[in-house]
Amino acid sequence: MSSQTDPNPFQRKVMTRQPGLIGAQWWNEGLSAMSDPVSRRKALQALAVFGGAVAVGGIALAAAGEDEYLEFHDALQMQRERGWNFGATDDSLTFSGQANVPLKPQELTALATELTPKQDALKPFSQATLFQSVSASGSLVNALSPINTPEMITAFNQGQALASLFAGQPEAALATAVLVDLPGPESIAFSAALAERFEPVFTFDNWPHPVGVVPAHLTLAAVAYYQPTFRQLTPKRTLPAPPVFVLDRQRLAPYTDRQQEFDNRYMARMPSAEQLRKLGVKHVLYVVPGGKPPLEELDDLNEDFVAWRTAGLDVKLVAASDFQPGPTETATPTVATTQPLAATDGGTPADAGTSLATAGTSDAGTTSPVTAGTTTRTPSWYYGGSRTSHDTFWIAYPWVHTVTRPNMVYGRPSAGILSMKDLARLPSNVSGGYAYEPLRRATMFSAIPRGATGAFRPFPSGFGKVAMRMSSNSRAILGPAFSSRSSWSRSSSYSYSGG
């Protein structure tokens, strides 16, 4: 309605002091005074002065800044809420050993489902967190690239050598759980070589991050390469199959720089001794890279291993480096450009992945990772590096019935300390992991109370956490404090809260 029909169009209808409405009330009252030209001029001048004051005040407030403090939040939860690469969106993932195989985003998004154990008894021990990161973010799929490094090829050959030993001892295989604790990509390759007889149980409980202290993106890149292999071997696996728990040895990587690194560390979660017994497991074989002694489990496994031993499970350690190429093989494998030929001589371990070597091609007709990931001929890798020493594995790990072969007797009826006669039969170039016995020791987790083995153990203070900048006034999250490359990073000091 216009002012011509209503002589007093601006009348106060409601009295309010709500902060969000005071400005509107002042504006209306100012307009009512504009019917007088003098008042109108005064009002406009007042508006100009007031507006300038507001602008100056705003600059002053911006310069003063908001009081902040740092509070630790769960790193994985922050990634789920804010994106896998939050705080470092300008940084890219880096890869070495990129493989010339096509990346199929639609297949990678199915990893969480496809790589879940088929046996219901094993599903509770699988951690699909890393695989879920792919389906949760399309940008991560586009950032990945399949890899197949020389270390992965070596690990695959070593896994084939171990697989050949269990192929000849199916009863021992059914009673054995294998734990592969190598750097993520190598664990993937080693477990792929075992996947026809052992069912992989993946335990990757983190997401990748461009400045993550755990290079989880490399594990994903290795999975992308070996995904066709796992898919092809799944229907060939006879059920029930023993488990091979696949761990990333980098999960407890040293973390020292809160400003430059993202803490995506996590702990492995293993079954209890009772749960392993229900699976038919009597023996546990723990696979580590090798190298300088002492050969021992990582900190997050110590309590589990001691509990398993106390419950009567036989826990042994073997170094992946104990499996070496035979005299006719080279120590440095090369990526094949053609499909390897099946072995025709007697020098290849029995059933050393012959079906792996001839697994064929992927659904799209491209060369499968099995083909591209081995040497130019089926490798002959052995325990101790020769066909003669290969069967001595069962002297060091006496989990089979006594068997006599020409010039060879192995498989003692019970475990125990090896006799001097037994020791003399073992190759001198193996690690001696057969003498390993889990003993309780001080670890980074020792001070954390825990119930039964297999129960979730709380993280230590600051473990798997990210420092977030918080508003002192509203307690709202302003952004992360890590990485000087991030636009959110500040150089000023903060007070800390949380643990």
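Give me a comma-separated list of calculated 3J(HN,Hα) values for the stretch 192-206, in order, Karplus coefficients 6.51, -1.76, 1.60 applied at θ = phi - 60°, integers in Hz, x for any Gly or Pro.
4, 5, 8, 5, 6, 10, 10, 8, x, 10, 7, 10, 8, 10, 8
Taking a point 7 angstrom from the Cα of GLN77 along the C-beta vector, which residues in the stretch 193-208 have backbone N less than 19 Å away?
205-208
Can you tally the net charge around ALA136? Count Lys and Arg as +1, Asp and Glu as -1, for every other residue whose Cβ sits under 13 Å from the Cβ of ALA136.
Neighbourhood net charge equals +1.
Rolling a 1.4 angstrom probe over the protein chains, ignoring ligands and nucleic acids, what is the accessible area of LYS118 in square angstrom, nearest 10?
Accessible area, nearest 10 Å²: 100 Å².
Could you compute the net charge surrounding THR256? Neighbours are other residues with a C-beta less than 13 Å from the C-beta of THR256; K and R count +1, D and E count -1.
Working: positive: ARG258, ARG265; negative: ASP257, GLU261, ASP263.
My count for the surroundings of THR256 gives -1.
Explain nothing, just compute: Karplus ³J(HN,Hα) = 6.51 cos²θ - 1.76 cosθ + 1.60, θ = phi - 60°, for every residue of the stretch 255-261 in order, whole Hz, x for Gly and Pro.
10, 10, 10, 5, 7, 10, 10
Using a 1.4 Å probe and counting only protein heavy atoms, arrange SER272, SER474 so the residue with the most accessible area comes first. Before the final figure, lay out the partial values.
Numbers: SER272 20, SER474 75 Å².
Sorted descending by solvent-accessible area, the residues read SER474, SER272.
At 1.4 Å probe size, with no ligands or nucleic acids counted, give the accessible surface of GLU297 in Å², nearest ten.
Looks like 10 Å² after rounding.
Between LEU478 and residues 5 or more places away or on another chain, which pairs have amide H atoms under 5 Å apart, with H built 1.01 Å from N, and which residues are they?
Hits under the 5 Å cutoff: ARG469, MET470, SER471.
Can you give the extra length, in nm with one decimal, that the chain gains between ARG277 and THR388 once fully stretched, where that is 0.36 nm per residue apart less the Cα-Cα distance?
Values: separation 111, 0.36 × 111 = 39.96 nm, distance 3.38 nm.
Computed gain between ARG277 and THR388 is 36.6 nm.
So what does ARG269 come to for accessible area, using a 1.4 Å probe and Å² rounded to 10?
Accessible area of ARG269: about 100 Å².
Across the stretch 133-144, in residue order, what do the Karplus-derived ³J(HN,Hα) couplings come to in whole Hz, using 6.51 cos²θ - 1.76 cosθ + 1.60 with θ = phi - 60° and x for Gly and Pro?
4, 6, 6, 7, 8, x, 5, 5, 4, 5, 8, 8
Distance check, please: which entries in LYS123/LYS236; LYS292/LYS465; LYS236/LYS465 exceed 30 angstrom between their Cα atoms?
From the list (LYS123/LYS236; LYS292/LYS465; LYS236/LYS465), the Cα-Cα distance tops 30 Å for LYS292/LYS465; LYS236/LYS465.
Check ILE147: other-chain or 5+ apart residues with amide H under 5 Å from its amide H, H built from backbone geometry?
ALA99, ALA222, TYR225
Once amide H atoms are placed 1.01 Å from N in the peptide plane, what residues at a sequence separation of 5 or more from TYR286, or on another chain, have their amide H within under 5 Å of its amide H?
For TYR286, the qualifying residues are LEU179, LYS316, LEU317, VAL318.
What does the extension gain come out to for SER461 and LYS292, with contour length at 0.36 nm per residue minus their alpha carbon separation?
Computed gain between SER461 and LYS292 is 57.8 nm.
Give the carbon-plus-sulfur fraction of the accessible surface of the stretch 136-210 in %, rounded to a whole number; probe 1.4 Å, heavy atoms of protein chains only.
Carbon and sulfur: 50 percent of the exposed surface of the stretch 136-210.
Which net charge results when you count Lys and Arg as +1 and Asp and Glu as -1 among the other residues whose beta-carbon is under 10 Å from that of GLN127?
Every neighbour counted, the sum reads 0.
The values are calculated or read from the model by the stated rules, or taken from the named source; none is laboratory data. In this text the structure is predicted, and so the values were computed from the model without any measurement. For neighbour counting, all protein chains shown are included, and Cβ atoms are generated from backbone atoms with ideal geometry for every residue, glycine included. The protein model used for the area step is the full one, side chains on, heavy atoms only, and it has no ligands, DNA or RNA in it. Shrake-Rupley method; radii C 1.70, N 1.55, O 1.52, S 1.80 Å.
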